[in-house]
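The values are calculated or read from the model by the stated rules, or taken from the named source; none is laboratory data. It should be emphasised that the depicted structure is a prediction, and the values quoted were computed from it without experimental measurement. Virtual Cβ from ideal backbone geometry, glycine too; neighbours counted across all protein chains shown.
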Amino acid sequence: MIKFFLMVNKQGQTRLSRYYEHVEINKRAMLETEVIKSCLSRSKDECSFVEYKDFKLVYRQYAALFIVVGIDQTE
């Protein structure tokens with residue numbers, strides 16, 4: 001199941017965020033910061049699937065934008 005969807009630029013600024021489960025506003029900011037750092041710090045040669053806490057991150061870069069989707073472990 002999809003937990004969240006983010007569109008982020010190369011500078012780490014969130015351009016779009018959509019949450020499919022309730023997450024408090026102050027926790028969203030921390031979650032987005034940690035997720036963005038973990039995806040932007042990876043090289044292009046590495047796999048685009050990242051284990052993060054209790055879910056997986058799947059990301060893809062399109063030009064200057066990163067598309068990040070958080071899914072649960074069973075997907």
Those residues of the stretch 24-47 which are of a type in the set (Val, Ile, Thr) and either touching a helix residue (DSSP H, G or I) at 6+ places or on another chain (Cβ under 6 Å) or surrounded by 12 or more Cβ atoms within 10 Å (Cβ to Cβ) (or both) amount to 33, 35, 36
Scanning the stretch 42-75 residue by residue, those charged (D, E, K, R), assigned to a strand (DSSP E or B) and touching a residue at least 24 places away in the same chain (Cβ under 8 Å) turn out to be 72
Of (1) touching a residue at least 60 places away in the same chain (Cβ under 8 Å); (2) under 19 Å from residue 17 (Cα atoms), residue 39 fails just (1)
Checked against (1) within 22 Å of residue 72 (Cβ to Cβ); (2) out of contact with any helix residue (DSSP H, G or I) (no Cβ under 8 Å at 6 or more places or on another chain); (3) at pLDDT below 95, residue 7 satisfies every condition except (3)
Kindly evaluate residue 21 against the criterion of being of a type outside the set (Gly, Ala, Ser) and exposed (fewer than 13 other Cβ atoms within 10 Å of the Cβ).
yes
